[in-house]
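Student: Please read through the structure below; I'll follow up with questions.
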Amino acid sequence: MEKLTSNSIVWTAGENSGDYLASRVLPSLSEAFPQMTMEGIGGERMVADGLQSWYSASELSVRGYLEVVRHLPRILKIRHDVIRRTLENRPAAYIGVDAPDFNLAIEEKVRSTGIPVIHMVAPAVWAWRPQRIHQIKRAVDHLLLVFPFEEKIFREAGISCTYIGHPLADLMPIEPDTLGAREKIGLKTVGPVIAILPGSRKDEIKWCAPEFFGAADLVLKSEPTSRFVIPAADAKRKEEILKVLDQFPAVKEASLILDGQSHTAMEASDAILVASGTATLEAALYKKPLVIGYKMPALSAMLILSKGQTKWIGLPNILAQKSLVPECVQMFCSPEILSSHLLHALEPKRQEALKAIFTDIHHSLLRPTAQLTTEAIEKVLKR
């Protein structure tokens, strides 16, 4: 440990998913290095685990090219401050968690001054912007990978890396307790239960929720005993969700709105309608048939989709390298199309087939994540 230059480690976790992933390993790292202060950018979970927060992870939660442009001055100010503080403090390491558009520039600058850099959740060069791998090589000392197929990609590029498994796989049960989850939230029903997750950002609620709730309205016409469970990420999102639900009184009457508890909502469901992102993997790990829907401003969609390197946006499809679950993007994210897929998802044969495939995916992602992460970071610090 003689090479440690400071008694702190700087973390920068972007968005809710980054906060969650980091919180799965931060306690283990704090236990391994009790003399270290953990500081930087994180969310409520990381703060609860002892992070001394400079900014909230929600400050980096911006979606789409146009939205980034609108918030760019604020984001650049935060980035500049993180670089300044990191260079002044000379921490033992800088750990960036996801958020590559924000983190990589910081990491490149920080590493150039001799501070070790670890990045958790590799940028998805296999999905888009493959040229970014050159910047990653300049910016990081070690990558912590959450998907098994990434090891080959980064090692062939000469980048030191460790597959740590996906933290979510360790958290989710191999066999979900659907009835137990329903009891936990007080849901009593004889009909099908559909979890609806229109996103955790304001713009996602604006663009996805009307289509999702429109689909739920059509499902009710075919399955009148259906119930819907809708987790709201926070009080603001709950207010926005309720405002959209007011346009669909039948759906509102059949819905249970939860404060958080997205995992309980998924576990309690028979099928899930979800916006793209980490939640698609969570749904698969709960072994539930899912339908992915996503809508955003047309120009943002055009810019993002034009850079795509893979056929799919949903993690279950990417991991399986085939179309396991439907992806309804932009014009295809309509109530008619979404509801048709949801009704298909409720069919018993469909449920059993996907459960077997998702169980195999679950096992492939199971690793002692906290232990492997701590060991990898310790090796970097001892170099």
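Student: Identify, by number, the condition in (1) closer than 18 Å to HIS362 by Cβ; (2) touching a strand residue (DSSP E or B) at 6+ places or on another chain (Cβ under 6 Å); (3) not assigned by TED's automatic domain parsing to the domain that holds ARG24 that LEU145 doesn't meet.
Tutor: (3)
Student: Across the range 86-116, what is the number of residues that are surrounded by 15 or more Cβ atoms within 10 Å (Cβ to Cβ) and among the polar types (S, T, N, Q)?
Tutor: 3
Student: Then there is this: Counting just the residues of the range 89-116 that are at negative phi and part of a loop (DSSP other than H, G, I, E, B), which one comes out nearest to the chain's Cα centre (by Cα)? Break it down stepwise before answering.
Tutor: Pass one, the range 89-116, residues at negative phi: 89, 91-97, 100-113, 115-116.
Restricting the remaining residues to those that are part of a loop (DSSP other than H, G, I, E, B) gives 91-92, 113, 115-116.
Details: PRO91: 27, ALA92: 27, THR113: 31, ILE115: 28, PRO116: 25 Å.
The extreme case among them is PRO116.
Student: Pull up the range 292-317, narrow it to residues that are at pLDDT 90 or above and in a helix (DSSP H, G or I), then point me to the one that is farthest from the chain's Cα centre (by Cα).
Tutor: Applying the first criterion (at pLDDT 90 or above) to the range 292-317 yields 292-295, 314-317.
Filter once more, keeping what is in a helix (DSSP H, G or I): 315-317.
Details: LEU315: 10, PRO316: 13, ASN317: 15 Å.
The selected residue is ASN317.
Student: Does the range 144-161 hold any residues that are buried (at least 20 other Cβ atoms within 10 Å of the Cβ) and in contact (Cβ under 8 Å) with a residue 40 or more places away in the chain, and which are they?
Tutor: Those that are buried (at least 20 other Cβ atoms within 10 Å of the Cβ) and in contact (Cβ under 8 Å) with a residue 40 or more places away in the chain: LEU144, VAL146, PHE147.
The values are calculated or read from the model by the stated rules, or taken from the named source; none is laboratory data. Bear in mind that the values here come from a model prediction, so they are computed numbers and not experimental data. No Cβ is skipped: glycine too gets one built from the backbone with ideal geometry, and neighbour counts run over all protein chains shown.
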